[in-house]
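Student: To start, I am sharing the structure in question, which I have written as structure tokens.
The values are calculated or read from the model by the stated rules, or taken from the named source; none is laboratory data. No experiment lies behind these values; they were computed from the predicted model shown. Cβ sites come from the backbone with ideal geometry, for glycine too, and all protein chains shown count toward neighbours. Heads up: the accessible areas ignore ligands, DNA and RNA and are worked out on the full protein's heavy atoms, side chains in. Shrake-Rupley method; radii C 1.70, N 1.55, O 1.52, S 1.80 Å.
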Amino acid sequence: ALLAWSVLRYLRLRRNLETAVWLEDNLYQSGAVRSPFVLGLRHPRIYLPYSLDGDTLAHVVAHERAHIRRKDPWWKLLGFILLCVHWFNPLMWVAYGMFCRDVELACDEAVVKNLEPKQRADYSQALLLCSVGHPAWKAGPLCFGEVSVKQRVKAVLRYRRPTFLAVTASALVCILVGVSFLTNPLASRVLPMSGDQIADLDPQWMVDEIAAMEGLS
């Protein structure tokens, strides 16, 4: 039901965009668009409202093209399919919401890492200008001002290029967590023998122990 509802909303959105006007490359403008977004998988398009111009338009387009370079439409589709399968798990809804937020934060960082402080302020202004009053349905397209606008503005204004030490420490933490939670310990292959002589061991007990270790029992 969740997937079917999302497909219906997608088809309705596509119908509303039939009158969109081509601007250049994969950029389109439409009066039906409230906030810029990327739509499509194989040949994604960027849809923009008519109200954008100048630096705001440049920042928005850079953000949306970062989504396309990172294959975010595909990742978001995969995440939503997993959400549909595990719709009954509240932690899955929390994880999907955080995933959508992190996708936007990553694209913001990709854009602002080469900008001067004044340009970052202009980018933050673009975020506020394009923020939607009511967040779009999470299964929908990747909207520029859809998720956690307040947090994203703070992150942009406080951005500092991560140091080599910070990146290395983060990678080590990820490796340690992966080793701890994504692997299983090797099964013990030592028989807990008792007695001092081989003759003291029960042959049937030895057969049962070996079968258990090899997963045959």
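Student: Which of the pairs LYS71/LYS118; LYS76/LYS154; LYS118/LYS154 have their Cα atoms more than 20 Å apart in this structure?
Tutor: LYS71/LYS118; LYS76/LYS154
Student: At 1.4 Å probe radius, can you tell me the per residue accessible area of segment 1-46 in Å²?
Tutor: 71
Student: Counting only DSSP beta bridges with both residues in segment 1-81, what percent are antiparallel, rounded to the nearest 5?
Tutor: If we restrict to bridges inside segment 1-81, about 65 percent are antiparallel.
Student: What full-extension length gain, to one decimal in nm, is calculated for GLU116 and GLN151 as 0.36 nm per residue of separation minus the Cα-Cα distance?
Tutor: 10.6 nm
Student: Go through TRP5, TRP93 and list them by solvent-accessible area, largest first, probe radius 1.4 Å.
Tutor: Sorted descending by solvent-accessible area, the residues read TRP5, TRP93.
Student: What does the net charge come to around TYR28 if you take all other residues with beta carbon closer than 15 Å to its beta carbon, with K and R at +1 and D and E at -1?
Tutor: +1
Student: Given the peptides 112-122, 49-59, arrange them by the average over their residues of other C-beta atoms within 10 Å, most packed first.
Tutor: The densest-packed peptide leads the list: 49-59, 112-122.
Student: Measure off, as a whole percent, the carbon and sulfur share of the 1.4 Å-probe accessible area of segment 1-84, all protein chains present.
Tutor: Looking at segment 1-84 in its full context, I get 58 percent from C and S.
Student: At each listed q (0.10 Å⁻¹), what is the log10 of I(q)/I(0) that the Debye formula gives for segment 21-138 modelled as equal alpha-carbon point scatterers?
Tutor: Result of the Debye calculation: -0.33.
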